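Here the structure comes first, spelled out in structure tokens, and everything after it is commentary.
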Amino acid sequence: MPSGEINEEAFWKGASPEARGRYRNLVVAGQGAYSIVARAVEVSSGETVAIKRIAEVFYDAHEAKKVLREIRLLRDFRHPNIITLRELIPPSSLETFEDMFVVTDFMEADNDSTSSFGIN
């Protein structure tokens, strides 16, 4: 899949249908081994958000713990320089719950591009 293009039906697979309607204009912002991040517009506010789709979150206990840790930290942090956890999108079915959708503020830069600060 070329950068920026997204198959919305595939991206939203496993998410509640109600959540799909709350976001529009999905564009790939980044991806990694276990997740893909889409930039989207929240319909009700018009704000740009990031939606992280974490695939097969329960496949590996170590990865599941990392995801839980990330969610707990984002939930508790309140600082202008840290993204805010806006929503955890519920699954369409608990019987087929495999992927997790985490909605946060959208940040133009990633950690790799902002962490060096000229220090070697």
Unique residue being modelled with pLDDT of 95 or more, surrounded by fewer than 12 Cβ atoms within 10 Å (Cβ to Cβ) and more than 11 Å from the chain's Cα centre (by Cα) when the list is GLY4, GLY46: GLY46
Tell me which residues, restricted to the stretch 71-80, are open to solvent by 70 Å² or more (accessible area, probe 1.4 Å) and either within 11 Å of the chain's Cα centre (by Cα) or within 21 Å of TYR34 (Cβ to Cβ) (or both). ARG72, LEU73, ARG75
Within the set of pairs 6 or more residues apart or between chains, which connect a residue that is within 14 Å of ILE89 (Cα to Cα) and assigned to a loop (DSSP other than H, G, I, E, B) inside the stretch 31-60 to a residue that is open to solvent by less than 40 Å² (accessible area, probe 1.4 Å) and not charged (D, E, K, R) with Cβ atoms less than 6 Å apart? VAL57/ALA64; VAL57/VAL67; VAL57/MET100
For the stretch 49-70, which residues satisfy the criterion of being open to solvent by less than 90 Å² (accessible area, probe 1.4 Å) and among the acidic types (Asp, Glu)? ASP60, GLU63, GLU70
Output for the stretch 15-30, where each listed residue is open to solvent by 30 Å² or more (accessible area, probe 1.4 Å) and assigned to a loop (DSSP other than H, G, I, E, B): GLY21, ARG22
With the checklist (1) in a loop (DSSP other than H, G, I, E, B); (2) over 12 Å from the mean Cα position of the chain (by Cα) in hand, flag the one item ILE83 doesn't pass. (2)
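The values are calculated or read from the model by the stated rules, or taken from the named source; none is laboratory data. Because the structure is predicted, anything quoted here is derived from the model rather than measured. Here Cβ is always computed from backbone atoms with ideal geometry, including for glycine, and neighbour counts include all displayed protein chains. Side chains are part of the model used for accessible areas, which takes the heavy atoms of the whole protein and leaves out ligands, DNA and RNA. Shrake-Rupley method; radii C 1.70, N 1.55, O 1.52, S 1.80 Å.
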